[in-house]
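These notes are about the structure you will find just below.
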Amino acid sequence: MGLILRMLEGLFGGGAGEMRRTVEVFRENAESGAQRGQVMQQAALQQFAAEFARDRRGLFDRLIDGLNRLPRPGLALGTLALFVAAMVDPQWFAARMQGIALVPEPLWWLLGVIVSFYFGARHQAKGQAFQLRLGQTLAQLPQIAAQLPPAPVAEERATPTDNPALAAWQQARQDQG
């Protein structure tokens with residue numbers, strides 16, 4: 001028993017700590033991995049909880065935001081309703097389309113500008129709000145990273161230049177070209 005122990009100490013160093021560190025170079029410590037996984041899962045759940053926290057805006061803000069959501073579905077459903085109206089009562093539909101044909105071109109341009117600015121402004125406002133939330137989340141990243149245990153240090157890894165087969169292949173390509 002003493003001889004085996006001396007051989008192992010000579011091979012891996014003295015003590016169980018050296019043996020553990022040597023083995024952890026090749027295989028992750030399951031307990032430490034489970035702890036890191038638990039910390040990461042808790043951080044993810046906290047982030048989800050923060051994202052889905054109760055909205056603190058007032059009634060007026062929520063009402064206006066709800067009204068701002070109506071034009072796109074209204075335009076889509078209105079267009080579908082025009083197709084249904086054309087099939088159900090073609091004469092009624094033709095009379096309405098003749099009225100639309102009488103609208104002067106500058107008014108169409110004005111309508112296009114208004115609709116473009118409305119949707120463009122809404123897209124920009126939503127994009128800025130998203131970037132603000134993203135920035136707030138990224139600002140919390142150092143705090144979350146500080147809670148994670150440090151990763152085990154891996155031994156020095158081989159570089160591509162240490163690969164004899166790769167070096168021979170590269171040399172053969174240089175000789176050909």
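Can you give the extra length, in nm with one decimal, that the chain gains between Ala86 and Arg20 once fully stretched, where that is 0.36 nm per residue apart less the Cα-Cα distance? If you can, show how the numbers build up before the last one.
Working: separation 66, 0.36 × 66 = 23.76 nm, distance 7.89 nm.
15.9 nm is the gain from fully extending Ala86 to Arg20.
The angle between the Cα long axis of helix 30-51 and the main principal axis of the chain comes to about 20°, on a 0 to 90 degree scale.
Among the chymotrypsin sites (Phe, Trp or Tyr not before Pro) found in the range 47-148, those both in a DSSP coil and sparsely packed, with 12 or fewer other Cβ atoms within 10 Å of their Cβ, are Phe52.
Rounded to the nearest 10 degrees, the angle from helix 164-176 to the longest Cα principal axis of the chain is 70 degrees. Values (i) 20.7; (ii) 25.5; (iii) 16.8 are given for comparison; Kirkwood radius over Cα pairs in Å, derived from the coordinates here, is the one labelled (ii).
Rounded, prolate or oblate: which fits the range 6-108 when a ≥ b ≥ c are the square roots of the eigenvalues of the alpha-carbon gyration tensor, with rounded for a/c under 1.5 and prolate only if a/b beats b/c? Don't skip to the answer; put the middle values down first.
On the way: a/c = 6.04, a/b = 3.57, b/c = 1.69.
It is prolate, given that a/c is not under 1.5 and a/b is the larger ratio.
If R0 is taken as 30 Å, the Cβ-Cβ distance between Ala50 and Asn29 corresponds to a FRET efficiency of 0.45. When both the range 83-97 and the range 107-143 are represented by their alpha-carbon centers, they are found 37 Å apart.
No lab work stands behind these numbers, since they all come straight from the coordinates. Please read all numbers here as calculations on a predicted model, not as lab measurements. Please note: Cβ atoms are built from the backbone with ideal geometry, for glycine as well, and neighbour counts cover all protein chains shown.
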